[in-house]
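Undergrad: Quick one: the structure is below, and I'll ask about it shortly.
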Amino acid sequence: DRGVASMNHEKARPDDEISRLRKKLADEQEKNRLMLGTYQNAQDVLEALERSRKEEKLPADNADVVRHFMRVYPDRLGFTERGEWEASRCGLKTDHLWEILYMVANDLTDLFREKEGNLTEEEVARVAGCEAAMQEGSMTRKDSTLMRLREDEYEGRKISAEPHLKLKSVKGEPAHQRLHFCYDPELRRVVIGYLGDHLESAASRYVKKR
């Protein structure tokens with residue numbers, strides 16, 4: 001019996017070693033993936049900085065800011081037609097809009113790429129420095145009319161800009177500004193679908209009726 005037990009033990013040792021090596025290989029592959037992602041992100045930022053350096057003048061208004069980020073960060077930040085229009089005429093101060101778009105193009109995009117799009121509201125809020133919601137409330141989601149306000153089209157495909165940031169207003173700005181966006185995993189960029197006053201929701205509709 002002791003001989004049989006010893007044989008079984010010896011037989012199990014190669015299986016344990018194989019499992020250990022497979023885990024080590026998987027860990028190394030994950031490290032390499034993260035390192036490659038970090039390198040690619042750094043390359044994107046360097047190219048963006050180079051494009052920014054070549055800009056002839058500083059943005060004069062919000063429309064200039066939006067155009068600047070579309071030129072400098074084309075691989076990291078996108079706008080739907082509506083997103084570009086609304087951001088260009090939003091009530092945010094020009095320097096504040098610059099800070100927000102810079103954060104989205106860099107920090108938020110890096111986070112989405114690292115996590116491959118699977119983010120929690122807490123993770124997004126931590127990077128954005130404000131409250132975040134990855135989806136609307138249940139009553140709003142049940143209303144197709146309200147949800148169509150969050151739907152859009154980008155690069156010939158339909159998107160849902162349901163996730164949003166609840167922006168903190170600075171002095172002189174209107175309250176309750178929202179930035180609606182989505183992450184495009186194919187193009188690996190954040191796409192802005194709306195930036196402006198709070199979109200109508202079930203809650204805001206209820207408040208209006210009171």
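The values are calculated or read from the model by the stated rules, or taken from the named source; none is laboratory data. No experiment lies behind these values; they were computed from the predicted model shown. The protein model used for the area step is the full one, side chains on, heavy atoms only, and it has no ligands, DNA or RNA in it. Shrake-Rupley method; radii C 1.70, N 1.55, O 1.52, S 1.80 Å.
Undergrad: Starting from the residue with the highest accessible area, list 194, 102 in decreasing order, probe 1.4 Å. It would help to have the intermediate numbers written out before the result.
TA: On the way: 194 20, 102 95 Å².
I get 102, 194, largest accessible area first.
Undergrad: Also, quick follow-up: At a probe radius of 1.4 Å, what is the per-residue accessible area of residue 139, in Å² to the nearest 10?
TA: Its heavy atoms expose roughly 120 Å² to the probe.
Undergrad: Among 93/166; 23/115; 93/142, which pairs are too far apart, with a Cα-Cα distance over 23 Å? Could the numbers behind the result be given before it?
TA: Details: 93/166 16 Å; 23/115 20 Å; 93/142 34 Å.
With Cα atoms farther than 23 Å apart: 93/142.
Undergrad: Starting from the residue with the highest accessible area, list 186, 84, 173 in decreasing order, probe 1.4 Å. Write out the running numbers ahead of the final one.
TA: Working: 186 140, 84 65, 173 25 Å².
Ranked from most to least accessible, the order is 186, 84, 173.
Undergrad: Ok, one more. With a 1.4 Å probe and every protein chain left in place, tell me how much accessible area residue 95 has, in Å² to the nearest 10.
TA: Roughly 100 Å² of residue 95 is accessible to a 1.4 Å probe.
Undergrad: Would you check the accessible area of residue 92, probe 1.4 Å, heavy atoms only, in square angstrom rounded to 10?
TA: 10 Å²
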